[in-house]
1. Test residue B:66 against the stated conditions and say whether it is at pLDDT 95 or above and not aromatic (Phe, Trp, Tyr).
2. Suppose we keep only residues that are open to solvent by 10 Å² or more (accessible area, probe 1.4 Å) and within 24 Å of residue B:194 (Cβ to Cβ) within the stretch B:131-167. Which one would you say is farthest from the other protein chains (Cβ to nearest Cβ)?
3. Name the pairs whose Cβ atoms lie under 8 Å apart, with the first residue in the stretch A:158-181 and more than 8 Å from chain B (Cβ to nearest Cβ), the second open to solvent by 60 Å² or more (accessible area, probe 1.4 Å), and 6 or more positions between them or separate chains?
4. Of all the residues that make up the stretch B:437-482, how many are open to solvent by 20 Å² or more (accessible area, probe 1.4 Å) and among the aliphatic types (A, V, I, L, M)?
5. Can you list the helices (runs of 4 or more DSSP H) found entirely within the stretch A:12-126 that contain at least 2 residues being modelled with pLDDT under 95 and loosely packed, with under 13 Cβ neighbours inside 10 Å?
6. Give, as residue ranges, the helices (runs of 4 or more DSSP H) completely inside the stretch B:331-421 that count at least 3 residues that are open to solvent by less than 10 Å² (accessible area, probe 1.4 Å), under 29 Å from residue B:272 (Cα atoms) and away from chain A (no Cβ under 14 Å).
7. Restricted to the stretch A:192-207, and to residues that are at pLDDT 50 or above and open to solvent by less than 20 Å² (accessible area, probe 1.4 Å), which residue is nearest to the chain's Cα centre (by Cα)?
Amino acid sequence: MTFLLVAWFLALCLPLFIRSWRAALTGLRIQALAMAGMIWLHADHLAPSPLIALADLLLFRAFFAPWYLKRMATERGVQSAFDLIPANLFVWTLAAVLVMTSFGFSATLAGEYSRSITHLGVACSGVLLALLILSTQRAPLGQAIALLTLENSIALFELHAHHHVEWMAQLGLTVVYLLSVLTLALLVRRLGMVDDAPEHPADSAIL
Amino acid sequence: MNLLPLITVVLPLIGALLLLVPRLFPYARRLLLAIAALDMLAVLPLSVPRDAPTFELGHFMVVDATSQLFLLLINALFVGISLHLHNRLRAAPELTGDIHRLVRLALVFMAAANGAILANHIVIAWIFLEFTALAAVPMIHHQRRDSATTAAWHYFLFSAVSLGLVLLGVVCLTHGIELTVGAERVSLFHDNLRLEVAIADPVWRRLGLALMIFGYASKLGMAPLYSWLPETYDAASPSVTALLAAVQFNAVFVGLFRTLQVYGGNDADLAGYQLTALGLASMLVATVKIVSTNNYKLLIAYAAINHAGVIALGLALGRPAAYGVILYVVSNALVKAILFLTAGTIKAHYRTKKIDELHGMIREMRYSALFFLVGTFALLGFAPFGSFFGEVIIMTGLITTGHFVTFGALGVLLSVVFVATGRSLFPMVWGDPRPGAVRKKESLVALGPKLFYLAILLSLGVYTPAPLSTLLQQVAGSLGTR
């Protein structure tokens, strides 16, 4: 379990320092696979709800979402050099502070359960670093990666709870994720992958 | 088993599915109108006040005062918006294009909004809200202009983050309950949650509440995550803006309201401080923007943020201002629908959204100008509209509970908004018209939806029919225990 959390954490942090969008997409893939591993290790028997969650992680989060974004980036000939966060000491320090704050916060939340501290610390770091990427990124591709990181972090948070939602709700969550990825891809394609989102004077329609 | 709640969700979905058949594309606007009317017919018998809530579809749907009131409101708004779109397309057939896509999405949006209001399960309500957002994105950039696509992208990002935080809050609350009652006994149905929240681990419970309030507030367009709202409302077409501002706003408000209902009096201090801070920050931001903007559609959008701030301040007080909040929310939805639809008509005629380029509207577009004028009065909280009484009750609540500083801040901010809005919008109506301007013919049918909204607005202030009054009181009574 702990090594899966370490893998998740490395998949979150390393792409921040590697100048490549491919590394970021691989990071998303590893995060999803690590979470699938956690469900597999945790489950005494696979009830419908965890089974749907497992399928969601393996099919959509580990395979479909990164593959779809990669295909679009390749089609558009996006250069491989791509910074998720600005490559300077200030932002790196900020990222480090966010990670430390996350672990400090999770220690307060988890009390004496050390396993929970690691799990919550990693999940909190994911949420905060996703928000950091989102706030510093201007390119739609980068913002899309940040959003998927946020989704994965929330999913990791969910894995900390032992309660499983009803299978209908779990299925709904999976459909929402899939539709979000499709909407994301549609808009990213329209906006362009790496250009800044255009700032046009708004001109409303008349319907 | 009562099938009507299910019908309100399924019927628009059937309409959306029908519009996948190419042969039915030319009938899209008629189908929209028919489905909106049928949905309203299904909602009417559901809205009769009852003593106790009833649960349908295996406890997944609840018909209580909250769902009854808001179902009635959003479906009435949807009928008006559908009628507006229908009339607009009849008057300007060149806009028809691929309207079937917009109608299909609007029907999915409406099914999801009805589902969000009826859901008795916290996660399923969240899923329906996500569906409204996912249906809204393609509607915002329906006409594929760059500005609309950028606005849709920002809307999507902010929506995903806001609702993501709400889901995170739900996960925290679940974990807090799990720590005390065990994972097997956790139930995420609203009625069960009310009992579980009281015994949940307080740290996780409070964290959950803080995240849910912040997420919902952001989805309502409150500061600090508010920038998507003016951009989206400005770039989307008027009917889509009305759907977002009046229908989706209320579906999200129900999410926030249900959260506060579930928490009862627990952590009322945290909810109070957070909502007050978010409300005042939103009002401050909106006031500054209202003073400085030269775009009437943006001005209405910022007024919507300002109103969300007033609603947050009312919610922060709990029960003392609850009736005022509900009255204000209902009135506000109608005002926004009137103003955004009228703004669309004005923009279509003048081809500009700049305030300083418009004068003498009353001579060129008499009825639209009148609606704009009356809508602005209601927006500013004039008597005898419901918004006036809502504001008065909220302000009275602030005084009776000893929140004098908040009352002072609210008074100052509302006064500035009052002057700035009046100074900007009233000259558009009066003054000399453009040289050579011809008076535009406006049919009564086209004005129908706005007349309908105006009648309800007036009735909320002057005479509220007994069933509606009962519903308003029941909803207000369900908030908090303070």
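1. yes
2. Ranking the qualifying residues of the stretch B:131-167, first place goes to B:165.
3. A:159/A:42; A:167/A:48; A:170/A:48; A:170/A:164
4. Within the stretch B:437-482, residues that are open to solvent by 20 Å² or more (accessible area, probe 1.4 Å) and among the aliphatic types (A, V, I, L, M) number 13.
5. Numbers: elements: A:21-42, A:48-55, A:65-75, A:89-110.
Where helices (runs of 4 or more DSSP H) fall fully within the stretch A:12-126 and carry at least 2 residues being modelled with pLDDT under 95 and loosely packed, with under 13 Cβ neighbours inside 10 Å, they are A:21-42, A:65-75, A:89-110.
6. Numbers: elements: B:361-364, B:366-379, B:386-400.
It comes to B:386-400.
7. A:193
Yes or no, residue by residue, for (1) in contact with a Phe, Trp or Tyr (Cβ under 8 Å, 6 or more places away or on another chain); (2) among the aromatic types (Phe, Trp, Tyr):
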residue: A:105; (1), (2): no, yes
residue: A:135; (1), (2): no, no
residue: A:154; (1), (2): no, no
residue: A:157; (1), (2): no, yes
residue: A:160; (1), (2): no, no
residue: A:164; (1), (2): no, no
residue: A:174; (1), (2): yes, no
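The values are calculated or read from the model by the stated rules, or taken from the named source; none is laboratory data. Here the structure is a predicted model, which means the values were calculated and not measured. All Cβ positions, even for glycine, are placed from backbone atoms using ideal geometry, and neighbour counts span all protein chains on display. Protein only, heavy atoms only, side chains kept; ligands, DNA and RNA dropped before computing areas. Shrake-Rupley method; radii C 1.70, N 1.55, O 1.52, S 1.80 Å.
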